[in-house]
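Contents: one structure, followed by commentary.
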């Protein structure tokens, strides 16, 4: 088993960061909670049309339209700036995030 990048809290507890690697844009409601809580500008709110197409949903008829007024979803703007705090996952009401530990060099 490989070792992961770890840190230490102010109190001395060893902590292993878990970095965001993906956002499920099919379940994202574009609420912006992750954007607001992220200390590192990792996310960007984009038009749903830019992120998802009818093919993503298997819509053979081309009539995929969401009746919600919500036309935005979150995307990864700069995943390399993620510090692995997982605050985004903690505030996400739809459990859209995938995180991974990073192997130590």
Kindly check whether there is at least one residue in the range 58-75 that is modelled with pLDDT of 95 or more, touching a strand residue (DSSP E or B) at 6+ places or on another chain (Cβ under 6 Å) and not in a loop (DSSP other than H, G, I, E, B). yes
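Determine which member of the set 20, 5 is surrounded by 10 or more Cβ atoms within 10 Å (Cβ to Cβ), modelled with pLDDT of 85 or more and over 18 Å from the mean Cα position of the chain (by Cα).
On the way: 20 fails: over 18 Å from the mean Cα position of the chain (by Cα).
Answer to the selection: 5.
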Scan the range 79-92 for residues that are on the phi < 0 side of the Ramachandran plot, within 11 Å of the chain's Cα centre (by Cα) and either part of a loop (DSSP other than H, G, I, E, B) or modelled with pLDDT under 95 (or both) and jot them down. 82, 92
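The values are calculated or read from the model by the stated rules, or taken from the named source; none is laboratory data. Quantities reported herein were computed from a predicted structural model and do not represent experimental measurements. Glycine also receives a Cβ, built like all others from the backbone with ideal geometry; neighbour counts cover every protein chain displayed.
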